[in-house]
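What follows is a single structure, written as structure tokens, with notes after it.
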Amino acid sequence: DILSETIPRKSYFLGLDFSTQQLKAVVVDEKLEVLHEAAVNFDRNLPEYRTSGGVKKNGSTVTAPTVMWVKALDLLMDQLKITGLDFQDISAISGSGQQHGSVYWRKGVQNLLPTLDPTKFLFLQLANCFSIQDSPVWMDSSTHSYCETMEKKLGGPQRLADLTGSRAYERFTGHQIAKIVSEKAELYFNTERISLVSSFACSVFLGCYSPIDWSDASGMNLFDITLKDWDSQCLHMCAPDLKEKLGEPVATHTCLGPISNYFVERYSFDPSCQVVVFTGDNPASLAGMCLEPGDVAISLGTSDTVFLWLSGKPTPSLEGHVFCNPVDPEAYMALLCFKNGSLTRERIRDVFAHRSWDEFDALLACTPPGNHGHIGMYYDEQEITPKIQGTFRFNAFDQKVNTFEEAATEVRALVEGQLLAKRVHAEQLGFNIGESCRVFVTGGASNNRSILQILADVFNADVFTQDTANSSCLGSAYRAAHGLALKESGTFIPFNEFMANRRPNFTLLCRPRVEAAKLYDSMAARYATLESSILTHQ
Ligand SMILES: O=C(CO)[C@@H](O)[C@H](O)CF
């Protein structure tokens with residue numbers, strides 16, 4: 001009728017995030033602004049699985065019940081229904097999953113996925129579809145021997161890092177699969193398909209096995225990030241016939257096809273609603289923050305995480321991770337985790353600033369950039385980047401000292417040391433601090449202006465903040481919209497162009513002080529030398 005012809009069809013996008021502690025969803029409208037949100041917390045809403053923080057720990061083995069994630073999806077879809085959302089209005093969906101985790105589909109499920117009964121819950125139909133009931137997740141560290149084997153066979157950790165973007169890490173999927181083959185071989189041979197958490201979730205929406213995307217594949221120690229394909233030597237080292245169980249990897253902006261009939265019948269999705277391949281939570285977060293070439297995103301929390309957009313050829317190192325970029329198939333991204341974050345900042349505040357942030361800030365304000373040449377490294381816990389533990393202090397002549405005379409020197413040495421480490425390791429991964437560098441900061445410490453001023457000085461860049469609470473979910477919704485636009489236009493529209501007038505707002509907080517920039521260039525070089533001297537003398 002005339003009315004339906006005049007009202008433009010709504011075109012919403014659904015983004016999901018299967019993260020460690022919860023399953024989240026966000027629905028955005030044509031302007032990519034949030035309309036609805038929903039979340040299912042695994043511990044609270046699914047107590048029958050008795051998880052803690054969404055996982056089950058047994059020593060160094062950490063897993064999550066695969067079917068719990070399926071049941072969470074049943075609950076989440078009901079929550080979205082209650083918001084009054086008309087699923088008919090959703091034009092495309094995409095999602096993300098905690099990285100490195102893996103799902104093992106048992107033989108025969110291939111024929112069941114496309115024919116799920118829309119009158120029944122997903123979890124009732126998928127409960128016995130997994131050959132391994134408990135999925136290994138990223139907190140697992142039980143595979144050290146498999147890591148050593150792969151590094152040795154490949155010719156050392158740097159060789160593996162150059163090939164797959166990371167040296168061997170216990171949580172990476174290849175080693176988890178190798179452990180299953182060696183400890184539960186019969187279950188491996190009853191496995192028809194192996195998914196990551198992201199491609200598992202995508203398979204449910206697609207109604208058939210989803211491929212693994214290049215970005216999340218970069219977190220497996222199995223994928224050649226230059227050739228964009230599985231590395232047969234790494235595959236062969238972990239398990240027999242692994243390539244056919246993983247399927248062919250696809251670019252992360254790929255639109256895979258229409259949503260499965262199960263969702264059309266049960267929730268009245270439009271049969272033409274497209275599914276854009278899901279990816280890892282950190283790549284999705286990079287998309288949600290709309291990072292661009294030259295940008296750095298730093299989350300200052302219990303541990304500090306640095307996201308980098310890497311243009312050109314990356315130089316993977318023995319620290320951090322290089323992944324294929326989720327929104328630009330030619331580019332890369334990097335992730336650096338610094339375990340000693342806010343707890344160390346709080347310890348120094350307690351000991352040298354009488355537990356007061358105001359006094360902490362005042363001590364920073366009365367010390368100059370460069371701290372008269374004093375450098376400190378404070379690794380209370382065994383640090384990840386790099387693997388060092390302990391406190392190290394140096395005077396202006398690079399001589400080790402046991403203490404600094406002034407409390408103010410100690411406080412500034414902590415803040416400058418933590419921020420110099422981030423700059424040094426970012427540059428080692430191939431990041432260039434240039435004119436266009438912008439730093440986006442989130443997390444608790446991003447409210448502390450005096451720390452942010454030093455961050456701006458160390459990176460010689462403007463520091464911004466933006467709301468990234470839902471960045472993985474939002475990034476998934478943005479990628480759904482972008483993937484659909486690519487499919488409909490038939491050409492590649494760069495994500496940043498696509499997001500130009502739609503991206504979330506960000507606020508300028510600090511600008512670098514010109515006199516500080518040169519000083520930190522030389523200080524970063526000193527820091528790198530001192531840190532590697534500690535590493536070699538360990
Ligand atoms: O292991 C990680 C990245 O390498 C974590 O950030 C997980 O992705 C969290 F789910």
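The values are calculated or read from the model by the stated rules, or taken from the named source; none is laboratory data. What you see is a predicted model; the values in this text were computed from it and never measured. Glycine also receives a Cβ, built like all others from the backbone with ideal geometry; neighbour counts cover every protein chain displayed. Please note that ligands, DNA and RNA were not included when accessible areas were found on the heavy atoms of the full protein model with its side chains. Shrake-Rupley method; radii C 1.70, N 1.55, O 1.52, S 1.80 Å.
Key figures
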| item | result |
| --- | --- |
| Extreme residue, nearest to SER91 (Cα to Cα), among residues of region 433-480 that are assigned to a helix (DSSP H, G or I) and polar (S, T, N, Q) | SER476 |
| Qualifying residue in region 270-279 (condition: open to solvent by less than 30 Å² (accessible area, probe 1.4 Å), closer than 24 Å to LEU122 by Cα and within 14 Å of the ligand (Cβ to nearest atom)) | yes |
| Residue list for region 320-341, filter: in contact with a Cys (Cβ under 9 Å, 6 or more places away or on another chain), within 16 Å of the ligand (Cβ to nearest atom) and at negative phi | HIS321, TYR332, MET333 |
| Any hit, region 454-462, residues being buried (at least 20 other Cβ atoms within 10 Å of the Cβ) and farther than 27 Å from ASP328 by Cβ | yes |
| Some residue of region 127-136 being touching a strand residue (DSSP E or B) at 6+ places or on another chain (Cβ under 9 Å) and within 16 Å of the ligand (Cβ to nearest atom) | yes |
| Selected residue [outside any helix (DSSP H, G or I), touching a strand residue (DSSP E or B) at 6+ places or on another chain (Cβ under 9 Å) and surrounded by 17 or more Cβ atoms within 10 Å (Cβ to Cβ)] from GLY483, GLY430 | GLY430 |
| Strands (runs of 3 or more DSSP E) within region 258-366 that include 1 or more residues within 21 Å of THR391 (Cβ to Cβ) and in contact (Cβ under 8 Å) with a residue 40 or more places away in the chain | 295-300, 304-310, 332-338 |
| Residue, least open to solvent (accessible area, probe 1.4 Å), within region 230-269, restricted to residues that are over 21 Å from ASP74 (Cα atoms) and among the hydroxyl-bearing types (Ser, Thr, Tyr) | THR252 |
| Near pairs, Cβ below 6 angstrom, 6+ apart or cross-chain, from region 145-171 (within 10 Å of LEU318 (Cα to Cα) and in contact (Cβ under 8 Å) with a residue 60 or more places away in the chain) to any residue that is more than 16 Å from the ligand (Cβ to nearest atom) and among the small types (Gly, Ala, Ser) | none |
| Residue match in region 147-161 (condition: open to solvent by 10 Å² or more (accessible area, probe 1.4 Å), farther than 30 Å from MET333 by Cα, away from the ligand (no atom under 16 Å from the Cβ) and not hydroxyl-bearing (Ser, Thr, Tyr)) | no |
| Members of region 18-74 found to be of a type in the set (Lys, Arg), under 20 Å from MET139 (Cβ atoms) and outside any helix (DSSP H, G or I), listed by number | LYS24, ARG50, LYS56, LYS57 |
| PRO369 vs. criteria part of a loop (DSSP other than H, G, I, E, B), open to solvent by less than 10 Å² (accessible area, probe 1.4 Å) and either at pLDDT 95 or above or on the phi > 0 side of the Ramachandran plot (or both) | no |
| Scope region 384-413; condition open to solvent by less than 40 Å² (accessible area, probe 1.4 Å) and in contact (Cβ under 8 Å) with a residue 60 or more places away in the chain; matching residues | THR385, PRO386, ILE388, PHE392, PHE394, GLU410, VAL411 |
| Matching residues in region 491-526 - criterion: being in a helix (DSSP H, G or I), more than 22 Å from SER311 (Cα to Cα), out of contact with any Lys or Arg (no Cβ under 8 Å at 6 or more places or on another chain) and in contact (Cβ under 8 Å) with a residue 40 or more places away in the chain | GLU515, ALA516, ALA517, LEU519, MET523, ARG526 |
| Candidate set from region 210-257 (those that are aliphatic (A, V, I, L, M) and within 16 Å of the ligand (Cβ to nearest atom)); member that is nearest to GLN110 (Cα to Cα) | ILE212 |
| Failed condition for GLU381, given (1) within 16 Å of the ligand (Cβ to nearest atom); (2) touching a residue at least 40 places away in the same chain (Cβ under 8 Å); (3) within 20 Å of ARG171 (Cα to Cα) | (1) |
| Top-ranked residue of region 57-97 - restricted to ones that are within 22 Å of VAL34 (Cα to Cα) and within 16 Å of the ligand (Cβ to nearest atom), ranked as surrounded by the most Cβ atoms within 10 Å (Cβ to Cβ) | SER96 |
| Failed item in (1) within 16 Å of the ligand (Cβ to nearest atom); (2) open to solvent by 40 Å² or more (accessible area, probe 1.4 Å); (3) in contact with a Cys (Cβ under 7 Å, 6 or more places away or on another chain); (4) not aromatic (Phe, Trp, Tyr), with ALA168 passing the rest | (2) |
| Identity of the residue in region 99-143, crowded, with 19+ Cβ neighbours inside 10 Å and of a type in the set (Phe, Trp, Tyr), that ends up modelled with the lowest pLDDT | TRP138 |
| Conditions (1) surrounded by fewer than 17 Cβ atoms within 10 Å (Cβ to Cβ); (2) farther than 30 Å from ALA396 by Cβ: number failed by THR442 | (1) |
